[in-house]
Amino acid sequence: QAFHRSFFPNYQALLASHLDQSAAANYEYVKHFDRAYRSGPGYLGVTLDKATSSNADGMSWAHGQSIRIATARNVDFSRGGTSFQFQHLSEFAFWPQAEATMRGLGQTIPTLAGTIQIIESSANGMGGLFYELWMDSQRKDSDYFSLFFSWWQHPEYRMPVEEPARFQESLTRQERELQTQYQLI
């Protein structure tokens, strides 16, 4: 999403992760997309200009577009005057100083059409800013819209069972009920 939006002149995107390794993986994704869109017809037939800068902190292009890569370990990444029309905040429940970081990020969200902030995470217990944001959105007491995706909805988290009959016999009654309830057959 961030990369496709970066075709628009002066569009600023932010990909922020909880760990340095995740931020490094995001940078690799951005480089991959950059190479793909410069070597072919790109998205909707558009070819992206060559990047004017590229390093672990992100990538910029000739018409003012950029994707910033950051890690939540550095609270100050959210400060500095740059507006980000697209923000993806990954594994937010595990950010060490989420409240302080969000105070800075709140100042970087412009009031422009098409601006989006995605806060995603796997659960990390009750409490903390992610939990509060989630609960507020569930009560419709928030500007955020909540979506939940369970592990079984992702094919990469499934694996074939070598002996299905034997596996079924090994399940407890409760496990079979859950299997039926969530159509995990």
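Pairing residues of the range 54-74 that are closer than 17 Å to His4 by Cα and of a type in the set (A, V, I, L, M, F, W, C) with residues that are open to solvent by less than 10 Å² (accessible area, probe 1.4 Å) and assigned to a loop (DSSP other than H, G, I, E, B), at Cβ distances under 8 Å and at least 6 apart in sequence or on separate chains, gives Trp61/Ser6; Ile67/Ser6.
Pairing residues of the range 170-185 that are under 21 Å from Pro155 (Cα atoms) with residues that are surrounded by 10 or more Cβ atoms within 10 Å (Cβ to Cβ) and among the aromatic types (Phe, Trp, Tyr), at Cβ distances under 9 Å and at least 6 apart in sequence or on separate chains, gives Tyr182/Trp152; Gln183/Trp152; Leu184/Trp152. Reported count of residues in the range 132-170, each being out of contact with any helix residue (DSSP H, G or I) (no Cβ under 7 Å at 6 or more places or on another chain), surrounded by 12 or more Cβ atoms within 10 Å (Cβ to Cβ) and not polar (S, T, N, Q), is 6. Once the range 48-105 is narrowed to residues that are under 13 Å from Asp20 (Cα atoms) and polar (S, T, N, Q), the residue that is most open to solvent (accessible area, probe 1.4 Å) is Asn74. Being crowded, with 16+ Cβ neighbours inside 10 Å, at pLDDT 85 or above and under 20 Å from Gln87 (Cα atoms) is the requirement here; does Gln21 meet it? When the stated conditions are applied, Gln21 does not pass them.
The values are calculated or read from the model by the stated rules, or taken from the named source; none is laboratory data. In this text, all values refer to a predicted model and were calculated from it rather than measured experimentally. Cβ atoms come from the backbone with ideal geometry, glycine included; neighbour counts cover every protein chain shown. In case anyone asks, the SASA skips ligands and DNA or RNA and just uses the protein heavy atoms, side chains included. Shrake-Rupley method; radii C 1.70, N 1.55, O 1.52, S 1.80 Å.
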